[in-house]
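Here's the structure we're looking at; comments come further down.
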Amino acid sequence: METKKASRRRFLRQAALVGIAAGAAPALKAQMEMMPMSGSSTGGSAAASSPGAAAPPGNPTDRLAYGVRSRHEKTIRAIAGDSVNPEHMHFGRMLNVLTPLQDIVGSITPTPLHFVSAHGYTPPDIDPKAHRLMVQGMVDRPLVFTLDELKQLPSTSRIIYLECQANRPEYKQETLELTFGKTGCSQWTGVLLSVLLKEAGVRADAKWIVGEGSENGRMTKSTPLSKAMDDVLVAYGMNGEAVRPENGYPLRLVVPGFEAIHSVKWLRQIKVTDRPYMGFQETGRYSPRTPKGIEFTFAQGPKSVITYPSGGQKLMRHGFHEIRGLAWSGGGRVSKAEVSLDGGKTWKEAQLQGPALPVAHTRFTLPWQWNGEDVVLMSRCTDELGEVQPTLAQFAKFWGATSAEFLAGTASGAGHSNAIQPWGVRKDGTVFNAIT
Amino acid sequence: MQYLKLLVVVIALSAVTAWAQGPSYKLGKTATAEEVKTWDTSVGPEGKELPAGKGTAAEGEKVFTARGCTWCHGPTGEEGPAPHLVGGGIAGWAFATSIWDYINRAMPLNHEGSLTPNEVYSLTAYLLNRNKIIQPGDVLDQTTLPKVQMPNRGRYIAPPVDKWKPGTPRPFKIEP
């Protein structure tokens, strides 16, 4: 998205601006002045007296008014390959960025590190006071809601992952973020779409809803009404604050477990229909060619990946290492995560961390002793519906092709890929993408 | 007596249904038909929402240059760098109305929403004719466009939405 330099420049610029505006928060400022600040204080706090503990740059009022991470933390989102490929249709437009999964230590994706795929569209600069959501089509009463009204309706919070259909292990890339970075898990808060649909009164013969965004291309995507009535959210909150512009501010649809393209950003309309509208994102794109014909994909299958050790990393010593990873499924809860230390011949059950929430990233760990041998590590997820994550060979066979064709990029038209990701560890500790 | 009990239950049940399907929070404003019409830009497979207007392939060829489609799709739409519009993707779409809808809402890129209905009909006719789906002389309008037979339509499988409910295994379950 932006380089470290640019983001630092921006940060400094903002810090300077807020320095001028700091008078606008007198109470906080007064409080700040009474606090001994590290580096500037003569007090005896350990942090202040430890070597190199100078005050971080920027205005301290600003840093406390809206938190800033330690200047020593450098993790940023990587730019997706398609954004910088001159052959790609989104080349030269708004960049797509990826979640740096290898650096994320929990199951929630920090909002500033959540992947963004905006299909080349710049996030619209929407005034929340002027924004409206219309619910219309096959309903008794078409309704228009302000954001304020939506916030007054009964609210629901759910921790849900969103993953792009294009998050595909078979687009062989060296690192975890480049291979798997189009997934993120957040707590989404909003009003259930079913509440709005009931307010409008859905007609008996309705079967679909079509969500529409406010960006320049006004993307549309059809979702079955049965799903819409079940657990689809019209979200204004993401991890406890307003959804960020690139994630759909001020309103985004969140369709749990379905390819993230269903979760329409910058939501302006829900149209209730009796059929899918076969818009660009369901006929020109995202319409997998199965052996039977061209079908719609609903829920995503069980998936997992080892985040440590992963491609591009290096094991620095022999001995204990904790294998860590994430597992998730559009089909519900993760019931089991397994790890193979021998390229898929045998599997060990890993420990699931915390409550395994339905349709959410779930952490798993497995203690491991590495004695410097060549090894291929893999993980495999089983979900509560009993579906098991396939190998690339099994996935390819289902879609009528071979692994080699997928890896060469000559097989197309497959649905969302949940193939097992192998990471190879060499004797020198370097970790590489071992997918075949 | 039994009968009466049943009646009470029936009344109670219908009250629940009415609540479930009626305005209960008194938030949100009812939109007028006119407001819906101006707000809604989507055109479905039946073409019910298509505006008045018409166009032919010959007109579309001129619009294609005049409106700068050539800038990204190439002089004849086959050169790129943006997706090839002949012999490529759109010929495989299920409905001609979707092509109209997409050009209308999303093209030309960076000047979305600037085309008139006649221009969109003409561009759709030009591209369908270039893909050998309609004849050079065909006029596309509100009634003829939804009738265009797209060659791939039969390959699209109607999704089993009636059968789908939460917890239904995916149609794409891969048996290891």
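Quick note: the coordinates plus some simple rules give every number you see, no bench work behind them. Computed from a prediction, not measured in an experiment: that's the story for all the values here. Quick reminder, even Gly has a Cβ in these numbers, built from the backbone with ideal geometry, and neighbours come from all protein chains shown.
When peptides A:143-155, A:57-69 are ranked by their average number of other Cβ atoms within 10 Å per residue, the highest-first order is A:143-155, A:57-69. Rounded to the nearest 20, the size of the Cβ-charge dipole of segment B:52-159 about its Cα centre is 280 debye, with Lys and Arg at +1 and Asp and Glu at -1. Other protein chain C-beta atoms within 10 Å of residue C-beta, averaged over B:27-39: 6.
Cross-linked pairs A:Lys182/A:Lys348; A:Lys345/A:Lys397; A:Lys172/A:Lys221: Cα-Cα separations exceed 24 Å for A:Lys182/A:Lys348; A:Lys172/A:Lys221. Relative to the dominant Cα principal axis of chain B, helix B:96-106 is inclined by about 80°.
Value of Rg to Rh for segment A:132-294, rounded to two decimals, is 0.98; Kirkwood radius and Rg both from alpha-carbon coordinates.
Once Rg and the Kirkwood radius are both taken over the C-alpha atoms of segment A:349-402, their ratio Rg/Rh works out to 1.06. Inverting the pair-averaged 1/r between distinct Cα atoms of segment A:303-433 gives 15.3 Å as its Kirkwood hydrodynamic radius.
Under the membrane-span-like helix rule (DSSP H runs whose alpha carbons stretch at least 20 Å along the helix axis, mean Kyte-Doolittle hydropathy -1.0 or higher), chain A yields A:4-21.
In angstrom, the C-alpha Rg and Dmax of the protein assembly as shown are 26.7, 88.
Spatially close Lys pairs in chain B, defined by Cα atoms under 22 Å apart and a spacing of eight or more places or different chains, total 11. With N as its number of residues, segment A:58-109 has a Cα radius of gyration that, divided by 2.2 N^0.38 Å, comes to 1.59. Compactness ratio for segment B:52-159: Cα radius of gyration over 2.2 N^0.38 Å (N = residue count) comes to 0.99. Taken about its Cα centre, the protein assembly as shown carries a charge dipole of roughly 660 debye when the Cβ of each Lys and Arg holds +1 and the Cβ of each Asp and Glu holds -1. Taking a ≥ b ≥ c as the square roots of the eigenvalues of the alpha-carbon gyration tensor, segment A:167-217 is classed prolate because a/c is 1.5 or more and a/b outweighs b/c. When the protein assembly as shown is described by a simple charge dipole with +1 on each Lys and Arg Cβ and -1 on each Asp and Glu Cβ, the residue from B:Asn131, A:Phe298, B:His73 located farthest towards its positive end is A:Phe298. Using the Cβ-Cβ distance between A:Lys348 and B:Glu79 with R0 set to 56 Å, the FRET efficiency from 1/(1 + (r/R0)^6) comes to roughly 0.55.
Relative intensity of segment A:228-337 on a log10 scale, I(q)/I(0) at q = 0.21 Å⁻¹, equals -1.24, per a Debye sum over C-alpha point scatterers of equal strength in the absence of solvent.
For segment A:305-380, the Cα-based Rg and Dmax, in that order, read 12.8, 39 Å. Please work out whether segment A:104-193 counts as rounded, prolate or oblate from its C-alpha gyration tensor, where a ≥ b ≥ c are the square roots of the eigenvalues and a/c under 1.5 means rounded, while otherwise a/b larger than b/c means prolate and anything else oblate? The shape class here is prolate. Relative to the Cα centre, the charge distribution of segment A:108-216, modelled as +1 at Lys and Arg Cβ and -1 at Asp and Glu Cβ, gives a dipole magnitude of about 280 debye.
For chain A, the residue among A:Gly92, A:His321, A:Pro358 whose Cα projects farthest onto the positive side of the dipole built from Cβ charges is A:Gly92. Over segment A:284-436, Cα pairs under 8 Å with separation of 6+ residues give a relative contact order of 30 percent.
Ranking B:Thr116, B:Ala58, B:Val86 by Cα position along the charge dipole of segment B:52-159, where only Lys, Arg, Asp and Glu carry charges on their C-beta atoms, puts B:Val86 farthest toward the positive end. Against the main long axis of the alpha-carbon atoms of chain B, helix B:117-130 sits at an angle near 70°. Between B:His111, B:His73, B:His84, the residue with the greatest mean-square fluctuation in the GNM of chain B (Cα pairs under 10 Å linked by springs) is B:His111.
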